[in-house]
Amino acid sequence: MAPTSDEVFQKVQEALVDALGVDDDEVTPEATLVGDLGAESIDFLDIVFKLEKAFDIQIPREELSPEDILTNSQYVEDGKVTAEGLVELKKRMPWANLEEFEKNPRVQDFGNLLTVQDMVRYVESKLAA
Amino acid sequence: MRWLWLDRFTEFQSGSHATGVKNVALDEEALDGYCPAYTFLPPTLIIEGIAQLGGVLVSEHFDFEKRVVLAKVGKAVYHALGRPGDQLRYAVRIDSLQENGAFCSATSHCDGALQAEVDLMFAFLDPSRFGEESLFNPGDLLGMLRLMNFFEVAVDAEGRPLAISENL
Amino acid sequence: MSLATSTGVPPVLIEMRYRQLDEITELEPGRRLVALRTLRSEEDYLRDHFPRFPVMPGVMMLEALHQAAVWMIRTGEDFASPVVVLEEAKNVKFGDFLSPGETLEITAELIKEEGDRVTVKTRARKADRITVSARLVLRKAKTGHAERMRTDQDVCALVRQQFNDTFGDVPMVERS
C-alpha cells in the first residue's frame, strides 16, 4: 500500500534530521535545505542515501542536481537560466516549485531553492512511477 | 607515532565486507596519561581503525584510483571502553557505493561482546577542488597493507585471492 | 597513602601524550570551553596521513572536540567523576582540512544534562571555516573497581592535577 503524504513527509523529515543534525521542528515544508537547514554539498550525498534507504527508491544524481543544464551554454546567459533552460529544468524536475527561481533565475541561486516540500513531492513522484 | 589504527586484516571480500583486529597496548603513546592510573584507548581511535578498514574496502572497489576520505560519522555508539590487553575485533560492510562517496556500517566486539557501533560516510576528493594528485607515493599504501596482513586474506567477489593493484 | 599525596608523582602518569588541546582560552565550568590547537609540521603521524598531503586526521580533530567536552564537564563538577566516558558521537561532519601551521579554535557547549548523561555541542573552526562539528553524549562514571582499591579517588586527584599541570591558569567566565 502506497504511503500517505503525511507518512512520506515524516520519513523525509527523519532523513533530514539525521543527515543535517537539525531539530524536528526546523524541518517545515517551506524550509529550504541550504538556506534554512544548512545543507552543504557533502550533505546531499547523505540525504540521497537516507532517502533511498527509507523509501527503497533509486535517486539518480541528475534528478536532484541538474548541473548539466546549469552549465550548458545553450541554457545559460550572463549567469541566468534562459527561457529554454527553464523549460528543460521543469522537464527534469516537474516536482519542484520553480516559481520563486523564475523571477530571477540566477544559476548561483539554484542550489538554495530546494525546499522540504520539493523533496516530499520528489519522493512521491518516484513512488508513483 | 604511526597512524595505523588497525593491527591486522582478518577477512576482506572485495566490494562487500572486511574484518580486522586492533590490540590495545599499555605502551601505546595514545594511552599514556589518557586517564591517569586508569587508561583506555581514546574512543575516537576506534572510529579511525574502523575508518581505515572501511576506507580500504571502498578504495579497493575502485582499484585504489579514487581518493577516499572520511566525510561524516553519522553515528558512533560505545558500550564499553577498550582497556590495555583488550583485542577489539572490527567488522565493516559496504552499505552503498555512489559516484561521489560511499556508506559503511561497522561494529567492534571485545571478548564476544558488542563494544561499539559506527556508521561512516566516505567522500571521494573532487579533482576540480583538490587536483589529481594521489594522497600516497607509489608503494606507500602497498607497504601499509602488507603490514596489516591484507594480501594474505583479501579475496575478490568470486573468492579468489586478490591481485595486487597497479595503482598501489 | 594515596598516590596524589606522595612526593614527586612521576610525570609519565600525568602528561596526556595524546593531548589535543594546546591552550584553553575561555572556560565557564560545566557550560562552555574554548580552546586552541595548532598543527605542527613535525607531528610524526603526518607521514602516514597522508604522505603527499599532510593534514590533521578528521578523527584527531574529533578527539579535540571530545577532550574539550570532557574538560568542560570535569571542571563543572570539580573533578568528581573518575571517568567521563564517551557514549555517542552524532552528526560528525568534516568540513575542511587542517594543514601544518594552521590553528583550530575548538568550542564545546553544554546542551543538556540528564542524570549522569551530558549532551554537548562541539565544533572546530579555522578562520571562517568549520572543519568539524559534532554532537557528543558523555557519561560521568566510576571505574567500577572495588572500594578497597581506592582507584576512583586516586584517579580524581590525578586528573585534577593533570588539568592544573597542563592548562595552568585558565581564563574563567562567570557562571551565567
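The values are calculated or read from the model by the stated rules, or taken from the named source; none is laboratory data. None of these values were measured; they are calculated from a predicted model. Every residue, glycine as well, gets a Cβ built from its backbone with ideal geometry; the counts of neighbours run over all protein chains shown.
Listed residues C:96, C:44; which is farther than 24 Å from residue B:120 by Cα and free of Cβ contacts under 8 Å to residues at least 60 places away in the same chain?
C:44
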* Within the stretch B:91-112, track down each residue that is within 14 Å of chain C (Cβ to nearest Cβ) and either surrounded by fewer than 21 Cβ atoms within 10 Å (Cβ to Cβ) or among the hydroxyl-bearing types (Ser, Thr, Tyr) (or both). => B:108
* Structure fact -> Considering only helices (runs of 4 or more DSSP H) wholly within the stretch A:1-75, the ones with at least 1 residues that are at pLDDT 90 or above, in contact with a Phe, Trp or Tyr (Cβ under 6 Å, 6 or more places away or on another chain) and exposed (fewer than 15 other Cβ atoms within 10 Å of the Cβ) are none
* Asked: Which members of the stretch B:55-72 meet the condition of being within 13 Å of the chain's Cα centre (by Cα), among the aliphatic types (A, V, I, L, M) and within 13 Å of chain C (Cβ to nearest Cβ)?
  -> B:68, B:69, B:70
* If you take the residues in the stretch B:125-156 that are touching a residue at least 60 places away in the same chain (Cβ under 8 Å) and farther than 19 Å from residue B:8 by Cβ, which one is farthest from the other protein chains (Cβ to nearest Cβ)? -> B:156
* Structure fact -> Those residues of the stretch C:73-96 that are closer than 27 Å to residue C:57 by Cα, away from chain A (no Cβ under 14 Å) and either in a loop (DSSP other than H, G, I, E, B) or of a type in the set (A, V, I, L, M, F, W, C) (or both) come to a total of 5
* Report, by residue number, each residue of the stretch C:122-176 that is over 19 Å from residue B:83 (Cβ atoms) and assigned to a loop (DSSP other than H, G, I, E, B). => C:127, C:128, C:168, C:169, C:170, C:171, C:173, C:174, C:175, C:176
* To do: Mind listing whichever residues of the stretch C:16-35 are loosely packed, with under 15 Cβ neighbours inside 10 Å and either part of a loop (DSSP other than H, G, I, E, B) or aliphatic (A, V, I, L, M) (or both)?
  => C:17
* Asked: If we scan the stretch B:8-25, do we find a residue that is of a type in the set (A, V, I, L, M) and within 11 Å of chain C (Cβ to nearest Cβ)?
  -> no
